[in-house]
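A short write-up of the structure that comes next.
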Amino acid sequence: MQKHGKNILIIIGLYIVAIALFCFFHYKNVRNHLVDGIDKKLLTTIYSTRAIIGADFHDQVVDLNSINPQQDYELGIKLYNYVKDINIEYVYSLKRFDDETLFVISSASEDELTSGEYQPVYMTKYPEMDGAIEIALQSQTIQTAEYSDRWGTFRSMFVPFKTQAGEVYIMAADVSIEEVNSATFKSVARAFFVAFMLGLFLIPLMVLLIKSMHREWNTLYQAMFYDDLTGLPNRNQLMKDLSESKDTHLALIDIKGFNDVTNSYGPALGDHVLKQFACRLNDFHHPKLENFQAYRVAGDLFATLVNQSLLEKEVNARSDMLIKHLTHHDYQISNVDYIRLAITIGGVNQSEDAFMLANMALQEAKKRDVEFFVYDNRSSSLPEIYKQNSLLKQRLQLALDEDRLVPFFQPIIASKNNKIVKYECLARIIDERGEVEITPDVFLPVARQTRLYAEITHRMVTKSIEAVKKGDFIVSINLSISDIMNGATRYYLLNAVKESAAADRIQFEILETEAIQDKKKVLEFIKKLQKLGAKVGIDDLGRSYSNFDRLTFLPVDFIKIDGSIITSIGNDKDAQTVTKNIVDLAHRQNIKVTAEYCFNEATTKMAVELGVDYLQGFYLGKPGKAILTQEKIKYA
C-alpha cells in the first residue's frame, strides 16, 4: 500500500512539474510571438517617421540654433498626430553632440498638450537613457529594450542611421506593452486551466497504467526468477544470489531415478511429486541456519544456498539432517499410494566458481555412489582439474596485466602465383624472453569460463590493427560466435574497424567451434563489417558445428576448409572428393577458398590441384611474432 501511495505522489509531482514547464514554455512562445509583431510595428514606425521629417533632416542639425522652439513645437505636434493614430507612445531621435547624446526631435505627449505646457526637447538630455542607445550608436546595429516607470511598461527600438557627413544618429520609438503582458498571462492562464483539467482526467489513467505495469513487471520477474511449477526461485535467481554471496555453502540435489517415477505414473503425477519435494525442501529449517534458501534449478535438480560462516563439521551435520528430512518422508501418488525418494547431493564450501564446483561434486557423488560429496577449499579437497584451471587463470591474468598476449602472424599465399596475400593473426602468450609460454588451445578454454575471453578478443583486435597501420599488408583475425553475441565486443569491433581507416586490409574469420543460435544477429554483424570495407569468412569449415548451409545464409567472402579434411587429401580419395565439392560450391557463389594445415609438399600440391585459392600451413610458413617476408616462403 505504501508503495502505491509513493507511486501516486511521484505521478502527481511529475504532473505538477510538467504543467509548470508547459506554462513556462507556453508563456515564452506566446510572448515572443506578440513581441515579434510589436518589433515589426516599431521598425515600420521609425522608417515612416524618418520619411515624415525628411531623410536629410539630421544633416541640417549641427548646433543649438539649427532648430528653434517654434520648429521644435511644430515637429512635436506633427509627430504626436502620427503616433496617436497607430497606438505608439513616442517617436524621437538622438544624436551625439560634444560627447553627449541629446534629443533632436520627439513627439509631444498627451499631458503636455492637455496642460498647454509643452517643453522643447531639442538639445536636451535623456534623463533615463537606456544603455541600448549607446550600444546602437557604437555598434550601428538595431537594439531593443524594455523598461518600466511611473507611466507604465514600455518596449523601445533604436535604429541607427548616418548623415551624409557620416555622423550616426538614432531614430527610436516606444510602445506600451501592458496589453502584451496582460494578453500573455491570460493565454497562460487558459493553457494552465486546460492542462489542469486534462491532468485531472489523465492522472487516474496514469495510476491505472502504473498499477498495470507493476503487475506486468511482477509477472515478468516471477517468470524470470521463479519456477512456474514449484514457486521456488529458479536457476537465474540462484546465479544472482551466488554473485552476492560471501560465505557460500551451495548444495545441488538430484532426485535419483526420477525418470522411473514419471514413466510409471505419468508426467502429471511426476509434477505433483516435484511440488511436494519442493515444499518439503523449502520447509527445512535449523535454528543455527540463518540464511537458508531453496531453489529449483531444472527438472529434478534442486539446490540450497546458505550464506553464513559454517565449519566443515557443521556443514556435514546439516547435510545429514537435510538428507533424512527429504528421504524419510512419504510423497503422495494417489489417495492410497505413497513413495519415497532417494537423492544425491553435491556441495561446495566456497564462493568462487561455486556452481561449477557443486556440479562437479554432484558428478563425483554419483560416480562414487554416495548420498553426499562436498568440495571444501579449507580441506584441500578441490578437484585437480579445477586447481590446474585456477592456476592457469592466474597465469593468464598475469600475462594480460604484463601485456604478454601478442599476435603471431602466419602467412597465407595465393595458389596461382605463390605470393603472400595476407597473414592470419594467432594469439600467443609469451614469456619475458619473447618465447611462447602458453598456446591458445590451453588458455582459451579457461578464458571462456571467465570474463577474460572478451578482453583477449579486444586486445588481439587492437594489436592486429596496429600492425596493419604500420605495414602494407592484410590481416585476418579470428572471432567466435560468443564474440559476436557479446554486445560490448560487437560494438568495440565495429568501432575499431571504423576508426582504423584501414578496413580494406582487415578480415575476420568466424570460428566453427560454436553453434549459431541467433542467425539474424550474426548476419547483421557481418553486413555491418562489410559495409565498413572489411571482409568476413568462415574458419574450419567441416568441423563439428559446421554446416554447409552457412555458405547460403551467411554472405561471407571466403572460407577455410578444416584441417581434419585437408591433412587427409594427400592419399584419401574421400577427403579429396569432399574438398573438391566444397571448392566448387564456394566458387559458384564467388567465395574464395583457403586450405589450411598444409603440412607437407604432397598435401600442398593436392590442394592446388583441387582448385583452392589460398594455402596456409607449417610447410609454407610458421606463425611468428615478426612478419614473414616473401623470400622466406618455403613453397615457391
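Below, the figures for the structure above:
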item: Pairs of alpha carbons in the stretch 378-537 whose separation is greater than 27 Å (percent); result: 30
item: Pairwise FRET efficiency - LEU532 versus ASP283, Cβ, R0 = 56 Å, nearest 0.05; result: 0.40
item: Carbon + sulfur, % of accessible area of the stretch 270-369 - ligands and nucleic acids excluded, 1.4 Å; result: 46
item: Distance between modelled label sites at LYS419 and ASP504, nm, 7 Å Cα→Cβ extension; result: 1.5
item: Distance histogram for the stretch 590-631 (every C-alpha pair counted, 10 angstrom bins, percent rounded to whole numbers); result: 27, 50, 22, 1
item: Electrostatic dipole magnitude of the chain [Cβ: Lys, Arg +1; Asp, Glu -1; Cα centre; debye, to 20]; result: 2480
item: Relative contact order for the chain, counting Cα pairs under 8 Å that sit 6 or more residues apart, in percent; result: 7
item: Dipole magnitude of the stretch 471-630, debye to nearest 20 (Cβ charges: Lys/Arg +1, Asp/Glu -1, about Cα centre); result: 440
item: Principal axes of the stretch 399-445: Cα extent on each, largest first, Å; result: 42, 24, 14
item: Exposure rank, largest accessible area first [CYS23, CYS279; 1.4 Å]; result: CYS279, CYS23
item: Reachable aspartates and glutamates, given that their alpha-carbon falls under 16 Å from the alpha-carbon of LYS256 and they are not under 8 places away in the same chain; result: ASP271, ASP300, ASP330, GLU364, ASP369, GLU371
item: Spin-label proximity, ARG368 to the stretch 325-360 - amide N less than 15 Å from point 7 Å beyond Cα toward beta carbon; result: 344-349, 358-360
item: Label-to-label distance, nm, for residues given as GLU435 and GLU312 (7 Å Cα→Cβ offset); result: 3.9
item: Global form of the stretch 490-608, assessed from the alpha-carbon gyration tensor, a/c cut-off 1.5; result: prolate
item: Heavy-atom surface of the stretch 286-416, accessible at 1.4 Å and reported per residue (Å²); result: 49
item: Inverse of mean 1/r across different Cα pairs in the stretch 258-323, Kirkwood, Å; result: 13.4
item: R0 of 35 Å, Cβ-Cβ distance VAL336-ASP228: FRET efficiency to nearest 0.05; result: 0.75
item: Per residue convex hull volume, Cα atoms of the stretch 566-636, in Å³; result: 85
item: Intensity falloff of the chain expressed as log10 I(q)/I(0), Debye formula with alpha-carbon point scatterers, at q = 0.05, 0.08, 0.12 Å⁻¹; result: -0.56, -0.84, -1.20
item: Cross-link pairs LYS275/LYS324; LYS41/LYS186; LYS560/LYS622; LYS470/LYS560; LYS416/LYS498; LYS246/LYS288 - those with Cα-Cα distance over 24 Å; result: LYS470/LYS560; LYS416/LYS498
item: Signed unit charges on C-beta, dipole axis of the stretch 579-630, positive-most listed residue ALA602, GLN589, GLY624; result: GLY624
item: Enclosed volume per residue, in Å³, of the convex hull spanned by Cα atoms of the stretch 208-367; result: 141
item: Theoretical gain in end-to-end length, GLU110 to ASP59 [0.36 nm per residue, Cα-Cα removed]; result: 15.5 nm
item: Alpha carbon centroid spacing (whole Å) that separates the stretch 52-66 from the stretch 556-584; result: 101
item: The stretch 53-179 shape via C-alpha gyration tensor axes, a/c threshold 1.5; result: oblate
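The values are calculated or read from the model by the stated rules, or taken from the named source; none is laboratory data. All figures in this text were calculated on a predicted structure; none of them were measured in a lab. So basically every Cβ, Gly included, is an ideal-geometry build from the backbone, and we count neighbours across all protein chains shown. To get the accessible areas, we keep the full protein, side chains included, count just its heavy atoms, and leave off ligands, DNA and RNA. Shrake-Rupley method; radii C 1.70, N 1.55, O 1.52, S 1.80 Å.
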